Each structure stands twice: as C-alpha cells, then as structure tokens.
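Only the coordinates and a few stated rules stand behind these numbers; no lab work does. On a predicted model such as this, the values are computed, not experimentally measured, just so you know. Heads up, the Cβs are rebuilt from the backbone with ideal geometry, glycines too, and the neighbour counts pull from every protein chain shown.
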Ligand code: PMP
Ligand code: GLU
C-alpha cells in the first residue's frame, strides 16, 4: 500500500489545465507558442462587475459568509432562473460554490455510492469522468457521433440507462464540441428520462449564453417540468461574464440534494470567496449587452477557424453553434509521419507533434473520451487564430 490514496489512481490530472500549464511553461522559456488549450474567454471581466468587487472590499465584506452563498447572490440566481427559464426556486434550493466545478463535485460526491452508474455523453468535459471515478462511481459513456453533430440521440441514451443509473450528465452547448441542442432535440431526450424515473439529471448550462446563428437556449427542466424534482441545473459566472479566475458557480435543485452538498462544502472550502460573491450579484443583476458583443466576435472567430481547418490535409471540422470550441477529426492524419520522423498513431501523438513542430497547443480528443479528434478553444484574437490555423495547415501539409 502506497502513501497516496488508491482513489487517486483512478483519476488523471485535468488535461485541459495541463495543456494550458505546458503552453505557459514553454512561453516562459521564450518559445514561440500559441495556446488554444484553455477553455476561457480572452475578454476581461466587465467594469461594473469589477467595481462591485472593489466596493465590497472597501465596505469590509471580507468575512466568512453562509457556506453556500450570501442571500443577495441566491436572490440574484433565483431571479435569473425565473427571468430566463420561468423556473421557481427557494434559497434552500440554491447552492453557490467555488466555480461550477465545485458544485459538480459536491453533487456527485454527495450522491454516488460505489458502483453507481453515471451516463456521460461523449465527447465530454474532462472533469465529469474523473469526479465520478473519484467517488467510486462508474462512468457509462454514451457516444455522440460526428455524423449526428456530436449530439446524443434518444436511442443511445435509452440504451445507456440501467437499473444502476443514478445520473445523466448533460451539457449544451457542449464542451468540447460546441454542439447545441434545439428545443425538439431536448424534448426527445427528456421524454426518455420521463420513462426512467430513477435517473436524476445534472444539466450543465455553463455555456448557455454563448449561442449563435439565432439558436435559443432552453434548460431541460423548463422543457419537461416533471423532471424538476430530479434535476440539478448547474451554471456559473466563468464563461458568460468572463470570470474564470474569480471562481464562482451555482446549482439549483431539490432541497434534499442542496442540503447534502452544503454539508460537504462545510467540511471542505466553506463559503466561496466573499468578494467574488458580491461581484456575482452585480453580474447577474446588471446589464447583459456585452454578451452580444462577445458573441459577435466568437462567430467571426468560429467561421475563420472552421474554414481554415477544413483546408488542412486530413482534418475535418464541423461548424458548431455554441460555446467557443471546435472539435475537428484528425483521422486523416493517422499513420503519417512528420518531417522529423515522428509517426502519428493517435490524436495524442498529433497534438504533441503539433506543439513541438509548430508551437500550437490544443487538447487531444482522447482526454474528452472520443478519439481521434482534438479540441480548439477559439477564445482568442483573430490574428492569433489565423496564425495558428496556418501553422496547422503547414503541419498537416508536411505529413507524409
Ligand atoms: N462545465 C463545463 C462544461 C466547463 O467547460 C467548465 C470549465 N470551465 C465548467 C463546468 C466549470 O467551470 P468553473 O469551475 O470555472 O465554473
Ligand atoms: N473547462 C475549461 C476547459 O475545458 C477550463 C479548464 C478546466 O477546468 O478543465 O478548458
């Protein structure tokens, strides 16, 4: 028996964070590296949100708060859920944590017993799998194929559910594919869940505001009200409000679950950062017009990246309608060799050689449980994106 807990052997470090760190390290060594690894907006936090934080700091809002959120922030979240989705919640049904990641962690840790199954549509955000494994649960992958726009079909969902299924984790718009579901597609999925009454739904709405081409957002509990009693709606401030470093996320769901999550959080981090919570109130209650501005930029960037990637030999890139990711297939490059003599057998080989030869950091698809693909985060300037895509085209063109 080693010193480190066995449970840690079941998980991997977060690949998205690892790629970001690696790119920063190479840059610090003076290498010409551009990172399209990090899943965070390049835009700064809007001024009115920063001002609210400064005000809170000046007013001495520097003490411990309620474990799962100050009443003002819970009220702002409740108002948001009513305004955007027509859903009613009480303060005891709202949990605020240090990032959406902690809320997800709390929810899974508070409910999973050894052997419990969690259906995860893949490709998926890296952390779903590892948090389930840390809790000794069993991730059950439901594959979402490129041919289906990387979207879960009702048939695949139905097949993945067993008597041991505790949760379905659902994410639209999706990290890492950018896939966004229409109302009708969502309804077809919630219809399946209506038939499987023992399955809880954890819907990760983190990219809700980042939707393009006239797509409209719906959260599942809004489409199928009977699921309200077994749904945790997860959201956060990181993406829409450009607050990744502030660490603020929240979940809304049945009181029995929220209470268990609060118990767990009271024995780990206690409350989320007090200053960030006051900033969060300003974010949720404040103007939202900057989001449309950001989305305009994201669409322009997406279109450039998709078009340039599809001109790279061996790459196939669908055009998604949400988030700030694309998830191209690199199947056409497998079996080829780089000018330096490295043979590309997997998507991990592809991204490693791309970083070494061209200084472009992206995340391999196998980290998101679907290979051979890679993820690009296009939340960076058009100039950098154009340069990166040129390098990818050159890299692919040089493979033999
Ligand atoms: N869900 C998804 C789909 C994500 O991509 C992320 C990554 N940031 C999170 C949740 C968690 O975000 P945060 O902890 O920054 O709120
Ligand atoms: N979710 C973001 C990403 O996928 C941030 C990093 C992380 O928390 O994994 O890159």
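Roughly how many Å is it from the Cα centre of region 156-215 to that of region 270-341, as a whole number? Distance between centres, Cα-based: 20 Å. Each peptide in 337-343, 49-55, 224-230 receives the mean, over its residues, of other Cβ atoms within 10 Å, and ordering these scores from highest gives 49-55, 224-230, 337-343. Computing FRET efficiency as 1/(1 + (r/R0)^6) for residue 50 and residue 310, where r is the C-beta to C-beta distance and R0 is 51 Å, gives about 0.85. The Cα center of region 226-259 and the Cα center of region 57-130 differ in position by 3 Å.
Quick one: length gained pulling residue 229 to residue 260 fully straight, 0.36 nm per residue minus the C-alpha distance? Mind dumping the intermediate values first?
Values: separation 31, 0.36 × 31 = 11.16 nm, distance 1.55 nm.
Gain on stretching residue 229 to residue 260: 9.6 nm.
Label point of residue 88 set 7 angstrom out along Cα-Cβ; within region 244-264, amide nitrogens under 17 Å from it belong to 253-255.
Report the gain in length on full extension from residue 195 to residue 269: 0.36 nm times residue separation, minus Cα-Cα distance, nm rounded to one decimal. Show your work: numbers first, answer last.
Working: separation 74, 0.36 × 74 = 26.64 nm, distance 3.75 nm.
Fully extending the segment from residue 195 to residue 269 adds 22.9 nm.
From most to least packed by mean Cβ count within 10 Å, the peptides 2-11, 368-377, 256-265 give 368-377, 256-265, 2-11. Measuring r between the beta carbons of residue 216 and residue 18 and using R0 = 51 Å, the FRET efficiency lands at 0.90. Look at where the Cα atoms of region 28-45 and of region 369-400 average out, and the two centres are 14 Å apart. For the chain, the share of DSSP beta bridges that are antiparallel, to the nearest 5, is 45%.
Which of rounded, prolate or oblate describes region 124-204 when judged by the alpha-carbon gyration tensor and an a/c cut-off of 1.5?
Values: a/c = 1.78, a/b = 1.14, b/c = 1.57.
Oblate, since a/c reaches 1.5 and b/c is not below a/b.
Stretching residue 187 away from residue 288 to a fully extended chain increases their span by 33.6 nm, per 0.36 nm per residue minus the current alpha-carbon distance. Compute the Cα gyration tensor for the chain, then decide on rounded, prolate or oblate, letting a ≥ b ≥ c be the square roots of its eigenvalues: rounded whenever a/c is under 1.5, prolate when a/b is larger than b/c in the other cases, and oblate in all that remain. Cα axes put the chain in the prolate bin. Over the residues of the chain, the helix contribution to mean residue ellipticity at 222 nm works out to -12500 deg cm²/dmol, using -39500 (n - 2.57) for each DSSP H run of at least 4.
Taking a ≥ b ≥ c as the square roots of the Cα gyration tensor eigenvalues, region 143-262 comes out oblate, since a/c reaches at least 1.5 and a/b does not exceed b/c.
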